[in-house]
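The values are calculated or read from the model by the stated rules, or taken from the named source; none is laboratory data. This structure is a prediction, so every number in the text was calculated from the model and none was measured. All Cβ positions, even for glycine, are placed from backbone atoms using ideal geometry, and neighbour counts span all protein chains on display. Accessible surface is based on the protein model in full, side chains and every heavy atom, while ligands, DNA and RNA are left aside. Shrake-Rupley method; radii C 1.70, N 1.55, O 1.52, S 1.80 Å.
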Amino acid sequence: MRITDTSDLWWKTAVIYCLDVETYMDDDDDGVGDFAGLARRIDYLADLGVTCLWLMPFYPTPDRDDGYDISDFYGIDRRLGNHGDFVEMIRTAHDRGMRVIVDLVVNHTSDKHPWFVSARRSRTSPYRDFYVWRDEPPKKQEPTVFPGEEAGVWEYDERTEQYFQHVFYRHQPDLNIANPRVRDEIAKTIGFWLALGVSGFRIDAVPFLIEPPEGVDIGDPHEFLRDLKRFLQRRVGDAALLGEVNLPYREQLQFFGGERGGELDLQFDFLSMQAMYLSLARSDPAPLIASLTSRPAVPPEAAWANFVRNHDELTLDKLTDAEREEVFDTFAPNDSQRVYGRGITRRVPPMLAGDPRRIRMVYSLLFSMPGTPVLFYGEEIGMGENIEIEGRQSVRTPMQWTDGKNGGFSHAARGRLVAPPPEDGYAPQHVNVQQQRNDADSMLQFVRHLISRYRVSPEIGWGQLRILEHDGRGVLAHEVASDVGRMIALHNFTESPQRVQVDIGAVEDGTTLVDLHGPDRIALDPRGKVDLELAPYGYRWLRVSPRGDTRIG
Ligand code: GLC
């Protein structure tokens, strides 16, 4: 059997959709989304074509970092429901052929976690060594992840007169993964949620997680990640690990387990995401091309997770200072739209001045770049951020279902909502699911269509990338090809129409190009040269279809 015949590598062709239960759908009208609400929206997600949900943290939490500060790894935040509601939601998703992965945030706990409460009670606490303590912070301190909000990564604990490490907020003490008991607890947590039916995890802050405390030798830190992957596979053979690793490609390769694999199955491609914004700012695909072509070859089971927006700031940390300024100037001209000196707090449509041509071109790119696309909830309807909310929270407003009260998210009073929807041109009256469902030209129907085309084009997930030569300006022409098929895609980064002659290389007689977004069937000349028209910010997907091809377009 050929490896590409197997469907157990489901993440290679998945459509992943990230949501926060708290902001998705409120069933009991207390102003906070919940599992019962989400269960009622599974049919919507299935209809959209989503194949895997990624749930942001839903665990008990003091909620000082939107749930990324967890006080019980096995629990469910009571506002969102209980384990019964969780399992019902999973069952409903499975029934519609959809998998669910959940955030695994084990680099740190909340300072309210019973382990830390005990650990800081005395130096002899049985949990003391679950965390990282020092008499003095090291001379050379790592910079904080949250400049402006935190000064450093060591916090003094008055009672026990030592410092503890926190790479993120001071209320998120780092777990000590050099301690085998901590590793066992992490494995147990994984085992627990797998037993409840999840298909894998989005692992938070992976490079920080596997890094041992300074001065502690644990051998190769990647051994820990390999252990986790082996454990996961023993429990559920086709469960997957999606990792947050924002590092240069050659380091990311190590987090896949090198060319042999065995660590993360998927990693977000932070570099191409950032390069894409630079390309958009310049109306020139060159930066994106440079990034995509410098991706290292990864093991066949592994995949890049493509995204254009996530729940955090849109980080531009891997661009040069000058490039970052260019993107800032173009897409976040006001200081209030920036955070931490490196990121943007806006969603895609407002950044692109609401221009539907450009917005659609971006999502066409997302779904045609080699890899696995990841959507952040609300992108499919073109939601904007709430400009009244500062920092990363601005994009975490409730899903907009209708033009009614609170966008149909909840019947609670607006003041009780977990976050207020925007009140500008992106308010629920203007942007909502209900309206777009009945409008064939809407963003929602467009994304739904993109997903359906992506799902009949497994070469996007499996294929090798090749940048195609052409004589045009400002156009990205790329091919994804594998033994499951071959497709070319064109994206016009400019606001003028383009006519390009693309060279796709010699083809067999009788080969046609099948337009996956329209009725065109273009007979190819055997030299593989073809003239194509692109509208301003236009895009095309063309399947290279040999004579006798039985795939439908
Ligand atoms: C990750 C999450 C972010 C969170 C941080 C600390 O970067 O994406 O939202 O604040 O980890 O857990």
*Regarding L247, is this residue of a type in the set (A, V, I, L, M, F, W, C), more than 27 Å from I451 (Cα to Cα) and within 16 Å of the ligand (Cβ to nearest atom)?*
yes
*Counting only residues that are open to solvent by less than 30 Å² (accessible area, probe 1.4 Å) and small (G, A, S), which one in the range 171-195 is nearest to P114 (Cα to Cα)?*
A187
*Confirm whether V308 is part of a strand (DSSP E or B), within 16 Å of the ligand (Cβ to nearest atom) and surrounded by 17 or more Cβ atoms within 10 Å (Cβ to Cβ).*
no
*asked:* Looking at Y68, Y74, can you tell me which residue is within 16 Å of the ligand (Cβ to nearest atom) and either under 24 Å from V245 (Cβ atoms) or touching a residue at least 24 places away in the same chain (Cβ under 8 Å) (or both)?
replied: Y68
*Determine, yes or no, whether H113 is touching a residue at least 60 places away in the same chain (Cβ under 8 Å), within 16 Å of the ligand (Cβ to nearest atom) and either more than 27 Å from G243 (Cβ to Cβ) or not aliphatic (A, V, I, L, M) (or both).*
no
*Since F130 meets every condition but one in (1) without any contact (Cβ under 8 Å) to a residue 40 or more places away in the chain; (2) aromatic (F, W, Y); (3) in contact with a helix residue (DSSP H, G or I) (Cβ under 9 Å, 6 or more places away or on another chain), which condition does it not meet?*
(1)
_Hey, V198 free of Cβ contacts under 8 Å to residues at least 60 places away in the same chain and open to solvent by less than 30 Å² (accessible area, probe 1.4 Å) or not_ = no
_Evaluation of F58 against (1) within 17 Å of F201 (Cα to Cα); (2) in contact with a helix residue (DSSP H, G or I) (Cβ under 6 Å, 6 or more places away or on another chain); (3) away from the ligand (no atom under 16 Å from the Cβ); (4) of a type outside the set (S, T, Y) (one fails), failing number_ = (3)
*What about D69, is it outside any strand (DSSP E or B) and either touching a strand residue (DSSP E or B) at 6+ places or on another chain (Cβ under 7 Å) or at negative phi (or both)?*
yes
_Please count how many residues of the range 240-296 are part of a loop (DSSP other than H, G, I, E, B) and of a type in the set (K, R)._
1
_the range 144-173, subset among the charged types (D, E, K, R) and touching a Lys or Arg at 6+ places or on another chain (Cβ under 8 Å), residue farthest from the ligand (Cβ to nearest atom)_ = R159
*Taking the range 484-499, which residues are of a type outside the set (S, T, N, Q) and within 33 Å of the chain's Cα centre (by Cα)?*
V484, G485, R486, M487, I488, A489, L490, H491, F493, E495, P497
*Kindly list the number of the only condition in (1) part of a helix (DSSP H, G or I); (2) open to solvent by 10 Å² or more (accessible area, probe 1.4 Å); (3) in contact (Cβ under 8 Å) with a residue 24 or more places away in the chain that fails for G84.*
(3)
*For A239, state whether it is at negative phi, in the same structural domain as V348 (by TED's automatic domain parsing) and open to solvent by less than 10 Å² (accessible area, probe 1.4 Å).*
yes
_Answer from P299, P333 - the residue that is assigned to a loop (DSSP other than H, G, I, E, B) and more than 29 Å from V475 (Cβ to Cβ)_ = P299
_Which numbered condition T51 misses (of (1) open to solvent by 20 Å² or more (accessible area, probe 1.4 Å); (2) out of contact with any Pro (no Cβ under 8 Å at 6 or more places or on another chain); (3) within 16 Å of the ligand (Cβ to nearest atom))_ = (3)
*Quick one: which residue in S283, S364, S336, S294 is of a type in the set (S, T, Y), crowded, with 17+ Cβ neighbours inside 10 Å and more than 16 Å from the ligand (Cβ to nearest atom)?*
S364
*Could you please give the count of residues in the range 380-397 that are touching a helix residue (DSSP H, G or I) at 6+ places or on another chain (Cβ under 8 Å) and either under 27 Å from Q445 (Cα atoms) or not assigned by TED's automatic domain parsing to the domain that holds M361 (or both)?*
10
*Which of the residues that make up the range 407-424 are more than 14 Å from I389 (Cα to Cα), open to solvent by 50 Å² or more (accessible area, probe 1.4 Å) and assigned to a loop (DSSP other than H, G, I, E, B)?*
H411, A413
*Looking at (1) away from the ligand (no atom under 16 Å from the Cβ); (2) in a loop (DSSP other than H, G, I, E, B); (3) open to solvent by 40 Å² or more (accessible area, probe 1.4 Å), can you tell me which one P137 breaks?*
(3)
*Of the residues in the range 205-228, how many are closer than 17 Å to F268 by Cβ and open to solvent by less than 50 Å² (accessible area, probe 1.4 Å)?*
6
*Which condition number in (1) out of contact with any Leu (no Cβ under 6 Å at 6 or more places or on another chain); (2) away from the ligand (no atom under 16 Å from the Cβ) is the one that L314 fails?*
(2)
*Identify all residues within the range 334-376 that are within 30 Å of V484 (Cα to Cα), out of contact with any Lys or Arg (no Cβ under 8 Å at 6 or more places or on another chain) and among the hydroxyl-bearing types (S, T, Y); write none if there are none.*
Y363, S364, S368
*In the range 434-443, how many are touching a residue at least 12 places away in the same chain (Cβ under 8 Å) and either out of contact with any helix residue (DSSP H, G or I) (no Cβ under 6 Å at 6 or more places or on another chain) or assigned to a loop (DSSP other than H, G, I, E, B) (or both)?*
3
